[in-house]
Amino acid sequence: YSVTSKALSLLQLIDDTLVMSSIVHAHDYGHNHASACSHGRVYVSYLDSMPFLQPYSSCSAAYQMMLVVYFDWVRWRGFSAAHL
């Protein structure tokens, strides 16, 4: 099987300490995966954010940008569908 699991984190330096504010867990099913229905698909299995991002008003925008950049990257790698 060609499945890759990833954990993507959004970190911010706050008072000289790296603080995690968001995390995404995703599973990429490559084109040589045994199940034809999963070929070239990405499944985001877990999305979470913590209220540490500063300024707090930018949390939604940062979270959305994190997903947009990840989806652009998997599209560039040849994946054709993403599921949340």
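Laboratory data are not the source of any read-out in this text; all were calculated from the coordinates shown. All figures in this text were calculated on a predicted structure; none of them were measured in a lab. So basically every Cβ, Gly included, is an ideal-geometry build from the backbone, and we count neighbours across all protein chains shown.
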| request: Round to the nearest 10 and give me the degree value, 0 to 90, for the angle of helix 59-76's Cα axis relative to the longest principal axis of the chain. | output: 30
| task | Rank-order 41-54, 66-79 by packing density, defined as the average count of other C-beta atoms within 10 Å over each peptide's residues, highest first. | result | 41-54, 66-79
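Would you mind getting the Kirkwood hydrodynamic radius of the chain from its Cα pairs, rounded to one decimal in Å? Could you put the intermediate results ahead of the total?
Working: mean 1/r = 0.0722 Å⁻¹.
Hydrodynamic radius (Kirkwood, Cα pairs) of the chain is 13.9 Å.
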| Got the relative contact order for the chain handy, in percent, Cα pairs under 8 Å and 6 or more residues apart? | 27
| Between D16 and M65, what FRET efficiency comes out of the Förster formula 1/(1 + (r/R0)^6) with R0 = 22 Å and r the beta carbon distance, rounded to 0.05? | 0.35
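In debye to the nearest 20, how big a dipole does the chain give about its Cα centre with +1 on each Lys and Arg Cβ and -1 on each Asp and Glu Cβ? Intermediate results must be reported in sequence, preceding the final value.
Values: 4 positive and 5 negative charges, 81 e Å.
Computed about the Cα centre, the dipole is about 380 debye.
Where both residues lie in the stretch 3-83, what percent of DSSP beta bridges are antiparallel, nearest 5? Please report the intermediate quantities before stating the final value.
Details: 20 of 23 bridges.
Taking every DSSP beta bridge within the stretch 3-83, about 85 percent pair in antiparallel fashion.
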